[in-house]
Amino acid sequence: MAFTAVIPSVAIFMWFKNHEPHFSGLARHRNLIATVSGASFGVYLIHKLMLDNVVCGIFGVSMNSVWLRTVGALVIYLICLLLVLVMKRVPFLQKIVP
């Protein structure tokens, strides 16, 4: 919703694109990368719900909070990743979670 969120995303993408040869050692972490990338669409689908309803709703953290803008992004991502990975293991939720 905010254009300022696009700029850091493009910067990170371009940095990884330009430094790809330096990450040839990531082949040994292929399973971890595959697991995280397999859950990325699910994380995308639930992160806004987590942000609005849990972080800002229940805990009352302001959207303008420096904590939320810095550390909060990583914390929300990790929580959503964990939720998606757990949901993928529950039999009746496997069909719902991509």
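The values are calculated or read from the model by the stated rules, or taken from the named source; none is laboratory data. The structure displayed is predicted, hence computed values, not measured ones. Counting neighbours? That spans all protein chains shown, and the Cβs are built from the backbone with ideal geometry, glycine included. When the accessible area is computed, the model is the full protein with side chains, heavy atoms only, and any ligands, DNA or RNA have been set aside. Shrake-Rupley method; radii C 1.70, N 1.55, O 1.52, S 1.80 Å.
Descriptive notes on the structure:
- As a summary of the residue check, residue 97 satisfies the conditions (1) open to solvent by less than 50 Å² (accessible area, probe 1.4 Å); (2) within 20 Å of residue 6 (Cβ to Cβ); (3) not polar (S, T, N, Q) except for the one numbered (2).
- Restricting the stretch 1-30 to residues that are within 21 Å of the chain's Cα centre (by Cα) and outside any helix (DSSP H, G or I), the residue that is modelled with the lowest pLDDT: 1
- Just one of the listed residues (85, 51, 45, 74) is open to solvent by 90 Å² or more (accessible area, probe 1.4 Å) and of a type outside the set (Phe, Trp, Tyr), and it is 74.
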